[in-house]
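Contents: one structure, followed by commentary.
The values are calculated or read from the model by the stated rules, or taken from the named source; none is laboratory data. What you are looking at is a predicted structure, and each value in this text was computed from that prediction instead of being measured. Here the Cβ is made from the backbone with ideal geometry for all residues, glycine too, and neighbour counts use every protein chain on show. We work out accessible area using only protein heavy atoms, side chains counted, and drop any ligands, DNA or RNA first. Shrake-Rupley method; radii C 1.70, N 1.55, O 1.52, S 1.80 Å.
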Amino acid sequence: MANVQLTQTELQAILNYTVALAREAGLLILEGSAKIRSSGAADVKKNSVDLVTEYDVAVERLVKDRLSEKYPDFKFIGEESFAAGSRPELTDEPTFCVDPIDGTTNFIHGFPYACISLGLIYLKRPVLGVIYNPFLNQLYSAILGGGAYLEQASLPAIRLPLANPPRPLPSLSQALIGIEWGSDRSLEMVEKKGESFKRLAGDPATGVVKGKMAHSLRSLGSAALNYALVAQGGLDIYWEIGTWPWDICAGVIIAQEAGCFVAGGRDAPLDNDVNERVLWGRKHFVIRKIGDTETEKGVDAQKRLIKEFYETVEDFEPK
Ligand code: LIP
């Protein structure tokens, strides 16, 4: 049992605060982008494509300081704090789970697909999420039981998914699928991911074994924004092996509140329950809300397509 009890009203107040904080952090991200555009200055983590900048660290410090001041009894997990050795145990207590700049490689290259991702975990499940892309001025948000919303520029918040009712999705061949190469570029990883992407995109009539010939694949470089795109219906599916809790925490609750189905790896229970095991499982899959048809409920279509997807792609363990 948690010592801190969170009501819906308290969650809404926390959301209001974290939305304002995300917008403040977004200004620092834009300032950093203008400075780093010329220098490209970045440090490397595990290899030359696992990048971090002074702005990742500065944004996390800003957010961590503000949140610990406002919510001193809440815990904090951040990508850069974790990289620096912080290993807080996940308990039932409210825990912020933050990626200060998700899409760091995009940030360094000036590719406008990067965001701050602010999630809140309570009773070991995501209950609040804010994802803000300051480059496109798009802010996605949700609290458990409150629905998911997109605020774009100065327009009023729009409930997600954007399509109401959402379209059916008869098979993977009609899907637009989000994928990522990630930062592990070992031979095993690029071969397994490459084979999976080949099957998803390839035409079985020309000999591609297990080919699905999906409408297309998209690799945009931010797990959080990929979840947000699935929540709004711009992507049908997003799958990645190698993601961390801070990459997906906010995106999970935004997607679930938009009617998406979130799954772990191929052997995880198909119950849309993103518990501690799934959060830390490094294998994540999300499929958009699907409309009912005369012969199939949307949730049954989601489960059917998840099974079809995992029968198609290769499985492997992240490093
Ligand atoms: C990124 C993730 C993305 C993954 C990249 C990187 P970061 O997070 O959002 O899904 O493919 O390798 O990990 O490092 O930009 O915060």
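General observations
- The range 62-75: number of residues that are in a helix (DSSP H, G or I) and either touching a helix residue (DSSP H, G or I) at 6+ places or on another chain (Cβ under 8 Å) or crowded, with 17+ Cβ neighbours inside 10 Å (or both): 6
- Residue-level check: of (1) over 23 Å from E257 (Cα atoms); (2) out of contact with any Ser or Thr (no Cβ under 9 Å at 6 or more places or on another chain), N106 misses just (2).
- Looking across V274, V278, one residue alone is over 26 Å from P134 (Cβ atoms), more than 14 Å from the ligand (Cβ to nearest atom), without any contact (Cβ under 8 Å) to a residue 40 or more places away in the chain and β-branched (V, I, T). It is V278.
- Condition check for V49: touching a Ser or Thr at 6+ places or on another chain (Cβ under 6 Å) and part of a loop (DSSP other than H, G, I, E, B): yes
- Any chance S183 is open to solvent by 10 Å² or more (accessible area, probe 1.4 Å), among the polar types (S, T, N, Q) and free of Cβ contacts under 8 Å to residues at least 12 places away in the same chain: no
- Here the range 33-54 is the region considered, the condition is being over 18 Å from S183 (Cβ atoms) and within 15 Å of the ligand (Cβ to nearest atom), and the residue that is most open to solvent (accessible area, probe 1.4 Å) is E54.
- From the options G32, G78, residue that is in contact with a helix residue (DSSP H, G or I) (Cβ under 6 Å, 6 or more places away or on another chain) and closer than 20 Å to A250 by Cα: G78
- The range 113-129 residues that are touching a residue at least 24 places away in the same chain (Cβ under 8 Å), paired with ones that are among the acidic types (D, E) and more than 16 Å from the ligand (Cβ to nearest atom) (beta carbon under 6 Å, 6 or more apart): L123/D92; K124/E276
- Count - residues of the range 252-262 that are away from the ligand (no atom under 16 Å from the Cβ), closer than 17 Å to L305 by Cα and touching a strand residue (DSSP E or B) at 6+ places or on another chain (Cβ under 7 Å): 3
- Count of residues meeting criterion [touching a Ser or Thr at 6+ places or on another chain (Cβ under 9 Å), free of Cβ contacts under 8 Å to residues at least 60 places away in the same chain and open to solvent by 30 Å² or more (accessible area, probe 1.4 Å)] in the range 188-221: 3
- Subset of the range 110-124 (residues that are crowded, with 22+ Cβ neighbours inside 10 Å and part of a strand (DSSP E or B)): C115, I116, S117, L118, G119, L120, I121
- Screening V130 on (1) outside any strand (DSSP E or B); (2) within 16 Å of the ligand (Cβ to nearest atom); (3) aliphatic (A, V, I, L, M) shows it passes everything except condition (1).
- Unique match (being surrounded by 19 or more Cβ atoms within 10 Å (Cβ to Cβ) and in contact (Cβ under 8 Å) with a residue 12 or more places away in the chain) among A148, A153, A163: A148
- Every test in (1) under 24 Å from P168 (Cβ atoms); (2) touching a residue at least 60 places away in the same chain (Cβ under 8 Å) is passed by C249 save one, and that test is (1).
- Restricting attention to the range 6-27 and to residues that are open to solvent by 10 Å² or more (accessible area, probe 1.4 Å) and touching a Pro at 6+ places or on another chain (Cβ under 9 Å), the residue that is farthest from F74 (Cα to Cα) turns out to be L27.
- Strands (runs of 3 or more DSSP E) fully within the range 137-251 counting 2 or more residues that are at pLDDT below 95 and either touching a Gly at 6+ places or on another chain (Cβ under 7 Å) or within 13 Å of the ligand (Cβ to nearest atom) (or both): none
- If you filter the range 82-109 down to residues that are modelled with pLDDT of 95 or more and in a loop (DSSP other than H, G, I, E, B), you find that the one that is surrounded by the fewest Cβ atoms within 10 Å (Cβ to Cβ) is D92.
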